[in-house]
Each structure stands twice: as structure tokens, then as C-alpha cells.
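Note sheet for the following structure.
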Amino acid sequence: GQSLEQPSEVTAVEGAIVQINCTYQTSGFYGLSWYQQHDGGAPTFLSYNALDGLEETGRFSSFLSRSDSYGYLLLQELQMKDSASYFCAAQQAGTALIFGKGTTLSVSS
Amino acid sequence: DVKVTQSSRYLVKRTGEKVFLECVQDMDHENMFWYRQDPGLGLRLIYFSYDVKMKEKGDIPEGYSVSREKKERFSLILESASTNQTSMYLCATYNAGGYEQYFGPGTRLTVT
């Protein structure tokens, strides 16, 4: 079957660094995306990795290893506003994304 | 900026009613999607469409149908609403060749 696995919850304190892992099992894999969703809001796009390696966008970075079917989202200098759910999503042939179940990140002061 | 709008933010319907959820996008994107989101289950794909009048089943199409008569509009239809269809419904769009999906604000549907 096709699936993405990510931890259900992660907690951290302001200023810390946190890594959210995602392992995937999909056919026709093109790339891995990350989305952020605040309570009551819609998911918003954070990053996309089509090739192996690290992509950096400000405080957020995303990594992909196609050979290991693994990726992660790295959040640095955590802020309270980063408390949200984070979803990894596999881009497949045929356009449909498959989403993981999401990781709830709680940032405390 | 891409704008994706959904017809209602909150909706309450009775069991057995026919329910229409509408999604409109203003960026001429080919691909449109309907997801439902439930706690602990993430986003599950119901249906998607890659062109006018075209539709493909997602992971959980049972109890739903869709309509796409115009490129900018994608409707989700619950033929006979049931309580297990109480959920948050999210519409999304995405342009062919791109990788970013743009989501609407969601419709929280309660079926009583």
C-alpha cells in the first residue's frame, strides 16, 4: 500500500531546534512536500524536495533521501507561532498528493 | 495570489439530506481536489479532477460524488448525508507542472 509515517506529536521550547521525520512508501514517487496547518486554518505549503539533499527557507529546512524513502522538516529558532500541525505529502505520478497523518508541534516558553 | 473559496465555513445538515459543497478558484488551475480531514487521520483524498468533466476517485469516494462543469468550480456532493460524514472538508487546487497545492478555508460539516 501507499503510506507516509510521521510522529503524531512533538514538543519543544522556544528557541530550540526540532526535526519532524517522515518515511514514505509510494509508487511513482516524484517528491516530498511539507505543509503547515494552524488550528482552524487551512494547510499552507512550506517546502518541496524533488532531489536528494537539503532545501533551506529561512528558519525551516527540508531534507530528502530517495534511497532511504525518508525525509524530514527541520525547524530552527522555534517560536510560539510555530505551534501547529505539520504534514508531509508525497507527490505522485498522476498529480494526487498522499498526505501523512500529521505531527502536532507544541512550542512552550 | 491564488484564491480558493468554499461556499460555506460551517454547515449543519440532517441525515438523508443531499448536500452540495462548492469550491471556486481564480487561478485557472487544471487540477482540483476534495479532501476530508478528521482528527488523527490526516487529510484523506475523496475525489480529484484534472480537467473539466474529468474526475478520478481518491482513497475514500464511497458516499460522495463530484461535478466539474467549469474549470474554476469543483463541487462535492453527498447524495444522502450520514452522521459518519461529519468532518472538515477541504478543497485544493494545483497547477500542472507545479507542486504547491493551494487550499480553501474548509467547510466544517455536521450531519445530525
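So, in the stretch A:20-65, how many residues would count as being at pLDDT 95 or above and away from chain B (no Cβ under 14 Å)?
10
Identify all residues within the stretch B:39-48 that are more than 7 Å from chain A (Cβ to nearest Cβ) and either modelled with pLDDT under 95 or out of contact with any strand residue (DSSP E or B) (no Cβ under 8 Å at 6 or more places or on another chain) (or both); write none if there are none.
B:Pro39, B:Arg44
Hey, does the stretch B:48-63 have a residue that's in contact with a Leu (Cβ under 7 Å, 6 or more places away or on another chain), of a type outside the set (A, V, I, L, M) and not in a loop (DSSP other than H, G, I, E, B)?
No.
Mind checking which residues of the stretch B:72-98 are within 14 Å of chain A (Cβ to nearest Cβ), within 23 Å of B:Val111 (Cα to Cα) and of a type outside the set (Ser, Thr, Tyr)?
B:Phe74, B:Met88, B:Leu90, B:Cys91, B:Ala92
So how many residues does the stretch A:30-56 have that are over 22 Å from A:Ser67 (Cβ atoms), surrounded by 14 or more Cβ atoms within 10 Å (Cβ to Cβ) and not aromatic (Phe, Trp, Tyr)?
6
Could you say whether any residue in the stretch A:22-29 is buried (at least 16 other Cβ atoms within 10 Å of the Cβ) and more than 21 Å from A:Leu105 (Cα to Cα)?
Checking the stretch A:22-29: at least one residue is buried (at least 16 other Cβ atoms within 10 Å of the Cβ) and more than 21 Å from A:Leu105 (Cα to Cα).
Restricting to the stretch B:76-111, and then to whatever is polar (S, T, N, Q) and crowded, with 21+ Cβ neighbours inside 10 Å, can you tell me which residue is farthest from B:Cys23 (Cα to Cα)?
Filtering the stretch B:76-111 for residues that are polar (S, T, N, Q) and crowded, with 21+ Cβ neighbours inside 10 Å, the one farthest from B:Cys23 (Cα to Cα) comes out as B:Gln101.
Can you tell me which of B:Ser49, B:Ser65 is of a type outside the set (Phe, Trp, Tyr), under 11 Å from the mean Cα position of the chain (by Cα) and within 25 Å of A:Ala50 (Cα to Cα)?
Of B:Ser49, B:Ser65, the one residue that is of a type outside the set (Phe, Trp, Tyr), under 11 Å from the mean Cα position of the chain (by Cα) and within 25 Å of A:Ala50 (Cα to Cα) is B:Ser49.
Being surrounded by fewer than 17 Cβ atoms within 10 Å (Cβ to Cβ) and of a type in the set (Gly, Ala, Ser): is that true of B:Ser8 here?
Considered against the rule, which asks whether it is surrounded by fewer than 17 Cβ atoms within 10 Å (Cβ to Cβ) and of a type in the set (Gly, Ala, Ser), B:Ser8 comes out as yes.
Which of the residues belonging to the stretch B:42-74 are under 17 Å from B:Lys18 (Cβ atoms) and surrounded by fewer than 19 Cβ atoms within 10 Å (Cβ to Cβ)?
Scanning the stretch B:42-74 gives B:Pro61, B:Glu62, B:Gly63, B:Ser65, B:Ser67.
Of all residues in the stretch A:76-88, count the ones that are away from every other protein chain (no Cβ under 14 Å) and either in contact (Cβ under 8 Å) with a residue 60 or more places away in the chain or closer than 13 Å to A:Tyr48 by Cα (or both).
Number of matching residues: 4.
Quick check on A:Val107: is it in contact with an Asp or Glu (Cβ under 7 Å, 6 or more places away or on another chain), away from chain B (no Cβ under 14 Å) and farther than 24 Å from B:Arg108 by Cα?
yes
The values are calculated or read from the model by the stated rules, or taken from the named source; none is laboratory data. Computed from a prediction, not measured in an experiment: that's the story for all the values here. Backbone-built Cβ (ideal geometry, glycine too); neighbour counts: all protein chains shown.
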